[in-house]
1. Restricting attention to the range 46-103, which residues are among the polar types (S, T, N, Q), outside any strand (DSSP E or B) and within 21 Å of Val146 (Cβ to Cβ)?
2. Report, by residue number, each residue of the range 33-81 that is in contact with a Lys or Arg (Cβ under 8 Å, 6 or more places away or on another chain) and not small (Gly, Ala, Ser).
3. Taking the options Arg13, Arg67, Arg25, name whichever one is surrounded by fewer than 19 Cβ atoms within 10 Å (Cβ to Cβ) and within 21 Å of the chain's Cα centre (by Cα).
4. Assess whether Ile6 counts as being modelled with pLDDT of 90 or more and of a type in the set (Val, Ile, Thr).
5. When the range 96-141 is examined, which residues are found to be surrounded by fewer than 21 Cβ atoms within 10 Å (Cβ to Cβ), over 19 Å from Ile43 (Cβ atoms) and out of contact with any Leu (no Cβ under 6 Å at 6 or more places or on another chain)?
6. Could you go through the range 76-92 and let me know if any residue there is out of contact with any strand residue (DSSP E or B) (no Cβ under 9 Å at 6 or more places or on another chain), more than 23 Å from Thr4 (Cα to Cα) and surrounded by fewer than 19 Cβ atoms within 10 Å (Cβ to Cβ).
7. The conditions are (1) without any contact (Cβ under 8 Å) to a residue 40 or more places away in the chain; (2) in contact with an Asp or Glu (Cβ under 6 Å, 6 or more places away or on another chain), and Thr55 fails exactly one of them. Which is it?
8. Need the failing condition index for Asp45 against (1) without any contact (Cβ under 8 Å) to a residue 12 or more places away in the chain; (2) under 30 Å from Thr110 (Cβ atoms), just the number.
Amino acid sequence: MKLTHIDPDGKARMVDVGDKPVQQRTAIAGGFIAVQPATLQLIKDNGLKKGDVLTVAEIAGIQAAKRTAELIPLCHSLQLSKVSVETALHNENERCGVEVLATAKCLGQTGVEMEALTAASVALLTIYDMCKAVDKGMVLENIHLVEKKKA
């Protein structure tokens, strides 16, 4: 296997996707933030001083996906046709926290997995930021690409 972002001299470079076909591309990324049960209840009850944690996290994730090329140096700027971020509360089997699932779509010549991963990561970081005053033990877990496809 060869890294695509490395030129023959070993220097980092942006990949030329100009010869690739324009296709509908979709990526889904997910992650989890483990929180204390009391923190999860505050999120559920909208009882945190900073406001509606889940809505703010979802919007932050969408904004982040739109700015991925500014954050990741060698990413292409993409014309995103859709970004969605969904959050779900979990409190079962000793797994207490918030799951995030981010979907990014575009019609383009390169994939949107970095946009989906960025959306999921920033949504989780936003939850962390909004809850850090009441929960010092939160842990971001398993940020990963769930699915990537092109048609």
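The values are calculated or read from the model by the stated rules, or taken from the named source; none is laboratory data. Source: prediction; values computed, not measured. A quick note on method: Cβ atoms are made from the backbone with ideal geometry, for glycine too, and the neighbour counts reach across all protein chains shown.
1. Going residue by residue through the range 46-103, those that are among the polar types (S, T, N, Q) are 46, 55, 63, 68, 77, 79, 81, 84, 87, 91, 93, 103.
Narrowing further to those that are outside any strand (DSSP E or B): 46, 55, 63, 68, 77, 79, 93.
Across the range 46-103, the qualifying residues are Gln63, Thr68, Asn93.
2. Of the residues in the range 33-81, the ones in contact with a Lys or Arg (Cβ under 8 Å, 6 or more places away or on another chain) are 34, 56, 74, 80-81.
Listed by number, the residues that qualify are Val56, Leu74, Leu80.
3. Working: Arg13 fails: within 21 Å of the chain's Cα centre (by Cα); Arg25 fails: surrounded by fewer than 19 Cβ atoms within 10 Å (Cβ to Cβ).
Being surrounded by fewer than 19 Cβ atoms within 10 Å (Cβ to Cβ) and within 21 Å of the chain's Cα centre (by Cα) holds for just one of Arg13, Arg67, Arg25, which is Arg67.
4. Numbers: modelled with pLDDT of 90 or more: no; of a type in the set (Val, Ile, Thr): yes.
Criteria not met by Ile6.
5. Listed by number, the residues that qualify are Lys105, Leu107, Gln109, Thr110.
6. Step one: of the range 76-92, the residues out of contact with any strand residue (DSSP E or B) (no Cβ under 9 Å at 6 or more places or on another chain) are 77, 92.
Narrowing the set further to residues that are more than 23 Å from Thr4 (Cα to Cα) leaves 92.
Next cut, surrounded by fewer than 19 Cβ atoms within 10 Å (Cβ to Cβ) only: 92.
Scanning the range 76-92, I find at least one residue that is out of contact with any strand residue (DSSP E or B) (no Cβ under 9 Å at 6 or more places or on another chain), more than 23 Å from Thr4 (Cα to Cα) and surrounded by fewer than 19 Cβ atoms within 10 Å (Cβ to Cβ), so the answer is yes.
7. (2)
8. Failed condition: (2).
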